[in-house]
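These notes concern the structure reproduced below.
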Amino acid sequence: DMGGHDTFMHKEISEQPDAVDRVLRGRIDDRFSTVHLGGLNLDPREARTIRRIKILGCGTSYHAGLIGAGLIESMARIPADAEPASEFRYRNPVVDPDTLYIAVSQSGETYDVLAAVQELKRKGARVLGVVNVVGSAIAREADGGVYVHAGPEVCVVSTKCFTNTVVAFALLALHLGRIRDLSVTDGKRIIEGLRRLPEQISEILKLEDEIKELAAEYAGAQSMMFIGRVRGYPVALEASLKLKEISYIHAEAYPASELKHGPLALIEPALPTVAIVPDDDLLEKNRAALEEIKARSGRILAVAHQEQEKADHTIVVPKNEDELDPILMGIPLQLFAYHTALAMGRDIDKPRNLAKSVTVE
Ligand code: M6R
């Protein structure tokens, strides 16, 4: 049942304020400025001995894991990174007892992720799951984890599960941070930011008409470039994947800082750039990248917290805490991909060549 929407994708994008509310519900502990994660199975003493975190997933879940690694590193100060599960599995990785492994999967059934979890467990590693489907194979194999509570996602392309997975990582990062060196004040600051998310997502969803008009302008593009830096880079990766999956427009994502090391050669009026430009310590650096693109007559669509002078158009989104901004900045670009694909007459919920869950290698 699409509940009055034309597609499941549109329904699922619209459900995000409620979905985020659900992943937060009952988990926040204001007394200690932390969160409780019932199924984690990791006592504080063990949590203090973790020396590294390795996050494994595929596709959109891998992108959520990249943002998650950044959240963990900044809040808990534990070195963390994410890798596609399929690649990890085939490079005979060093499995180290002080590393905590986290498998991310909406369906909990993705074969490459499941196989990585099984291999890790066979080697004695501790593996947690960040999973949407309760009781799924990965949830059952893992030693514990966090359910993302996004509710059923029918559209082949992931939207609300991505958002909720990133919020679940923010909860995990806050939890680990408060066991280690994150201050009460910072804990409070993050909690207040988390509580603002549902309302701010609703505000972003109101920009749909503006985004729809923009999408009509970009719908004929042969290719598009997505750029961001540090926290903004995985947002660019995910937005570019979304556009590819449903519109079949070729898209690439690059850290903005890498442009001059190669991809700047592609910039010309026919190759538009979508830039993630948060109001954080990298704002001036991001603006410099926009200038480089403008100097080559590239068209720019910015997602930012304030109008960007060098951009042809800026989608202005509400500001949250720096750490949580990536959660919000991806949302207008879900709508952008959606309306671009719609303008091109694509089958939004069932893009060609793709399946909802990839249970083969
Ligand atoms: O169920 P999973 O999260 O494990 O799925 C992983 C990917 O197959 C999935 O995210 C895929 O990239 C989607 N089509 C993204 O929109």
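Below are the figures for this structure:
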item: Cα lying deepest toward the dipole's positive end in the chain, options Leu172, His313, Tyr254, charges on Cβ; result: Leu172
item: Distance (nanometres) between label positions extended 7 Å along Cα→Cβ at Glu252 and Ala219; result: 2.7 nm
item: Local net charge near Asn41, Cβ-Cβ under 14 Å (Lys/Arg +1, Asp/Glu -1); result: 0
item: Dipole magnitude of the chain, debye to nearest 20 (Cβ charges: Lys/Arg +1, Asp/Glu -1, about Cα centre); result: 980 debye
item: Amide H partners (placed H, <5 Å) of Val274, local residues excluded; result: Met225, Phe226, Ile227, Leu301
item: Square roots of 5 times each gyration tensor eigenvalue, C-alpha, the chain, largest first, Å; result: 32, 22, 21
item: Length gained when the stretch Ser357-Asp279 is fully extended (0.36 nm per residue, less Cα-Cα span); result: 24.5 nm
item: Charge dipole of segment 228-361 about the Cα centre (unit charges at C-beta), most positive-ward option of Tyr233, Met344, Ala265; result: Met344
item: Set of segment 55-89 residues, backbone N closer than 19 Å to the point 7 Å along the Cα-Cβ line of Asp181; result: 69-81
item: Value of Rg/Rh across segment 159-244 [Cα atoms, Kirkwood radius]; result: 1.07
item: Order of Lys11, Lys188 - criterion: other Cβ atoms within 10 Å of each residue's Cβ, fewest first; result: Lys188, Lys11
item: HN-Hα J in Hz across segment 125-131 - Karplus 6.51, -1.76, 1.60, θ = phi - 60°, x for Gly and Pro; result: 7, 8, 10, 9, x, 10, 9
item: All lysines inside 18 Å of Lys294 as judged from Cα atoms, apart from same-chain residues fewer than 8 positions distant; result: Lys260, Lys285, Lys310
item: Pairwise FRET efficiency - Glu199 versus Thr49, Cβ, R0 = 45 Å, nearest 0.05; result: 0.75
item: Neighbourhood charge, 13 Å Cβ-Cβ cut-off, centred on Ala137 and excluding it, Lys, Arg +1 and Asp, Glu -1; result: -1
item: Magnitude of the charge dipole, segment 221-361, Cβ model with Lys/Arg +1 and Asp/Glu -1, debye to 20; result: 540 debye
item: Two-site label geometry, Arg122 and Val94: point separation in nm, points 7 Å out along Cα→Cβ; result: 2.2 nm
item: Dipole-positive endmost among Pro326, Ala295, Ile55 within the chain (Cβ charges, Cα centre); result: Ile55
item: Net charge of Cβ neighbours under 12 Å - reference Leu120; Lys, Arg +1; Asp, Glu -1; result: +2
item: Per-residue Cβ neighbour rank within 10 angstrom, fewest leading, Arg51, Arg126; result: Arg51, Arg126
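Just so you know, all these numbers are worked out from the coordinates, no wet-lab data involved. Note that the structure is predicted; figures quoted are calculated from it, not measured. Cβ sites come from the backbone with ideal geometry, for glycine too, and all protein chains shown count toward neighbours.
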